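Notes for the one structure printed next.
The values are calculated or read from the model by the stated rules, or taken from the named source; none is laboratory data. None of the values given here were measured: they were computed from a predicted structure. Cβ coordinates were reconstructed from backbone atoms using ideal geometry, including for glycine residues, and neighbour counts include every protein chain displayed. Keep in mind that these areas ignore ligands, DNA and RNA; they rest on the heavy atoms of the full protein, side chains included. Shrake-Rupley method; radii C 1.70, N 1.55, O 1.52, S 1.80 Å.
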Amino acid sequence: MLKNLIYPAMTAGVFGVDTALKRRSRQKLRPGESRRHGKLIIRNSSNSGAFMNALEKKPEIVLVLSFALTAVCVILFLATLGRAGSRLLKAGLALLLGGAFSNTYDRLRRKYVTDYISFDAGSARFRDTVFNIGDFAIAAGALFVIADAWRG
C-alpha cells in the first residue's frame, strides 16, 4: 500500500507547483504583461473559459463541467488506487487530478484560471495560446490513460 502513495504525491505536486507559479505570475507581471526568455514566454493571462477560451462567455457552465469532470477523475482514481493494476493508469489519473484540482481551485477563487506559459514556436494560433502546468499535467495524464486503455 505504501507504494501507492506516490500517486497522491504526484497529484499534490502538480497542484502545489502550478498554484505557486500562478501566484508568482500574478505577483511579478501585470495582467496581459509578458517576458520573453528565448522561445519561452512567461505571461500573466486570465482565462474564464475552458481550453483555448472555449465557453468564455459562460463561466458558470465551465465551472460545473470542471467540477463534474474532476469528480469523475476522483472516483476513478480512488477506485484504482488500492488495487493491483496499471501504474500507467494510476499515474495518468494522478496527473489529471493535479491539473484539474489546480484549475478548478483557480475558478472557484478567482472566477478564472491563470495561465502563464506560451512558446514562440509553431503556428500563430499556438504562439498565442497560453498554458499552465496544470494544463500540461491534464494533457499528459489523458495520454497516459489512453495509452493504458490501448494496451488493454
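Dipole size of segment 52-111 about its Cα centre, with +1 on Lys/Arg Cβ and -1 on Asp/Glu Cβ: approximately 80 debye, rounded to the nearest 20. Solvent-accessible area per residue in the chain equals 60 Å², computed with a 1.4 angstrom probe and all protein chains kept. Over segment 43-152, the fraction of Cα-Cα pairs per 5 Å bin, rounded to whole percents and listed from the shortest bin up, is 2, 12, 19, 22, 17, 14, 9, 4, 1. When the Cα positions of G32, T19, A94 are compared along the charge dipole of segment 1-119, G32 comes out farthest toward the positive end, with charges on each C-beta of Lys, Arg, Asp and Glu. Farthest toward the positive end of the dipole of segment 1-123, out of Y112, S66, A50, is the Cα of Y112, where the dipole comes from beta carbon charges about the Cα centre. Note that segment 17-107 carries a Kirkwood radius of 15.1 Å, evaluated over its alpha carbons pair by pair. Within the accessible surface of segment 26-68, defined with a 1.4 Å probe on protein heavy atoms only, the carbon and sulfur portion equals 58 percent.
Distance from a point 7 Å along Cα→Cβ of L69 to each backbone N in segment 1-38: keep the residues under 17 Å and list them by number. What the label zone holds, given the 17 Å backbone N cut-off, is 15.
Rounded to the nearest 20 debye, the dipole size of the chain about its Cα centre is 400 debye, using +1 on the Cβ of Lys and Arg and -1 on the Cβ of Asp and Glu. With all protein chains in place and a 1.4 Å probe, the accessible surface of segment 71-152 carries 67 percent carbon and sulfur.
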